[in-house]
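The structure under discussion appears below in the form of C-alpha cells.
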Amino acid sequence: VNSKIEEQTDFKLPLGDYRRVSRGFQGRHRGVDVSAWKGTPIYAAESGWVTYSGRKFHGYGKLVIIEHSKNWATFYAHMSKFAVKEGAWIKKGELIGYVGNTGRSRGAHLHFEVRYKRMPIDPLPYFKDNSLRFVQLDTHHGH
C-alpha cells in the first residue's frame, strides 16, 4: 500500500514517553499499540480537526479521531482522559489526552491508527524525527 501513496506526510510521535511498541500493524490489528504508563500525555501526530471524541466505537474505549486533510486521519484509543473537544482545531504536538486502559485493552497503552482515504495503513514508516521502535513480542508462549 505505501508504495502507491503519493501524498506524503510527516507525523510526530504521539507520545513523548513510552515503554515499547507492544503490537504492530498486522492481521486485523489496524494500528500500533504503544505501551506506556497510565496518565502519559498523548499529543496530536499532525494538525487537524477533532472530528470525534467519545467512547461509542466498540473496543476502542475513549477515542479521539483527528482529520488532517480529506485523505488523512489519525485515531488515538484507550485513553483515560480527554484534553480536547469535538470540533476543535488542534496543532501538531498539542496535548489531546492521556494514556489509559479503557475499552478492549489489557494494560495501559495507546492504540494509534493512521488512515489514508479511510484505509488503515502501517504508521511506522511515516514517523520521521522521533521514530517508534517496534518490538515484536513472542505471543506463542502465553505472553
Quiz prompt | Cα-based reach from LYS12 at 20 Å (exclusive), listing lysines while leaving out same-chain residues under 8 positions away | solution = LYS70, LYS91, LYS92, LYS117, LYS128
Practice problem: Using a 1.4 Å probe over the heavy atoms of the protein chains, calculate the carbon and sulfur portion of the accessible area of the range 1-121 as a whole percent. | Solution: 49
Quiz item: Spin-label point model (7 Å from Cα, Cβ direction): what's the ARG104 to GLU86 distance in nm?
Solution: 2.3
Quiz item: So how far, in whole Å, is the C-alpha centre of the range 8-70 from the one of the range 74-88?
Solution: 9
Self-check item: Length-normalised contact order of the range 39-83 in % [C-alpha pairs under 8 Å, at least 6 apart]
Solution: 32
Practice problem: Kindly report the accessible area of the range 1-80 per residue (heavy atoms of protein chains, probe 1.4 Å, no ligands, DNA or RNA), in Å². | Solution: 52
Self-check item: Vicinal HN-Hα couplings computed from phi for the range 66-71 (Karplus, 6.51 cos²θ - 1.76 cosθ + 1.60; Hz; Gly/Pro x)
Solution: 10, 9, 9, 6, 5, 9
Exercise. Please give, to one decimal in nm, the separation of the simple spin-label points placed at THR9 and SER69, each 7 Å out from Cα toward the Cβ.
Key: 0.8
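The values are calculated or read from the model by the stated rules, or taken from the named source; none is laboratory data. The structure displayed is predicted, hence computed values, not measured ones. Cβ: placed from backbone, ideal geometry, glycine included. Neighbour counts: every protein chain shown. Please note that ligands, DNA and RNA were not included when accessible areas were found on the heavy atoms of the full protein model with its side chains. Shrake-Rupley method; radii C 1.70, N 1.55, O 1.52, S 1.80 Å.
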